[in-house]
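Here the structure is laid out as structure tokens; the discussion comes afterwards.
Each reported figure results from applying straightforward, stated rules to the coordinates on display, with no laboratory input. Bear in mind that the values here come from a model prediction, so they are computed numbers and not experimental data. Backbone-built Cβ (ideal geometry, glycine too); neighbour counts: all protein chains shown.
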Amino acid sequence: MSIIPVTVPTGAIRYNTDSNKMECFNGTKWMQIAVSSHDLNGGARGLFGGGSAPVGTDVIQYITIPTAGNAIDFGNLTVGRIGIGACASPTRAVFGGGINAPAASDVLDFVTISSTGNATDFGNLITALRQKAALSNATRGIFSGGYVPSPLSFKNEIDYITISSTGNAVDYGDLTGIRGGLGGCSSPTRGLFVGATNSSGTYNTIDYVTIATLGNAEDFGDLDGVRAGAGVCSNSIKGVFGGGYNPSNLITIQQVNIATIGNAFSFGDLVAANKTLVAHSSPTRAVFGGGLSDVIQYIEFATAGDAVDFGDLLATNQQLSATSNAHGGL
């Protein structure tokens, strides 16, 4: 009797019993999922910085992503602000932009992730903007979009930095449209900018760039519905986007396969509907925090499903930033 062929969907994940490794199908072949961590102190470390709308805080806090528990004080930013973008190499996290009322900020500051302590001045963004998205690979950090609050003006600019050095950001290119309230995530080669809002409304846009090159972003696909203010993060294979608003607060988590072009599809739900939250990740786990509560929650990339409680932030915090030393771009 003949064997009926099985169609394997792109993004499927399996455990290879021969190699004892997790693998993901990229549409052509099975690729091993990287599960190593670059951390130095007992596990992939995730940082949360700033936030606490409407008054900006300078507090940085951290968690160990493979474990569950409450956030711990890390140190302080050089200046308190909300609506910050954050990205990281395996050793250094950089926080950029935001607003230190009443003005938008162009500040870039950094910390060494494996230690605790206060941030140090890095340089400045091209333009002082609030609600910028950020992403990175191991060497280059990219900040995009954002807005000036008064008079209200949204931007499409993309800036970049070399994370291991200090200095001012340099022009990279432009988004496909002017927008703020977007989030960023990446693989080692490709960066995604997800969701958006501007003075004309909220969008379902996903843009992408090739991190190592310069140039304008291109269309990747669409979210399943418009949303802004989502928590966005990834491992090297999968990007996930949780919560946000459209303008109602959202509970759903969506996903994409970063290596392929296409629309987002369902992953599961957050613990509760939430907006202006953030996310960071390890190769196996995505962690969402802040927004309308102090709740930290997580999902496992390998299994679609609803988020589970992780612990609590130091306080309820909106429009904070998040990054890790083990995200998908590394």
remark   = the range 207-322: relative contact order from alpha carbon pairs under 8 Å, six or more residues apart, as a whole percent, is 20
note = Lys and Arg at +1, Asp and Glu at -1: neighbours of residue 247 with Cβ under 13 Å from its Cβ sum to +2
task = Note down the relative contact order for the chain as a percent, whole number, built from C-alpha pairs under 8 angstrom at least six residues apart.
result = 16
key: Summed residue charge, Cβ within 14 Å of residue 214's Cβ, Lys/Arg positive, Asp/Glu negative   = -4
Normalised per residue, the volume of the convex hull around the Cα set of the chain (Å³) = 125
Protection-proxy order for peptides 199-209, 62-72, each taking the mean of Cβ atoms within 10 Å per residue, highest first = 199-209, 62-72
query = Excluding residue 321 itself, what net charge comes from residues whose Cβ is under 13 Å from its Cβ, given Lys and Arg +1 and Asp and Glu -1?
reply = +1
inquiry  = Please give the Cα centre distance for the range 246-313 versus the range 186-231, rounded to the nearest Å.
reply    = 16
inquiry  = Given a Förster distance of 25 Å, report the FRET efficiency between residue 70 and residue 304 from their Cβ-Cβ distance, rounded to the nearest 0.05.
reply    = 0.40
query = Roughly speaking, what is the stretch gain from residue 263 to residue 213, that is 0.36 nm per residue apart minus the C-alpha to C-alpha distance, in nm to one decimal?
reply = 15.6 nm
ask   = Can you tell which of 68, 88, 319 lies farthest toward the positive end of the dipole of the chain, using +1 and -1 charges on the Cβ of basic and acidic side chains (Lys, Arg; Asp, Glu)?
value = 88
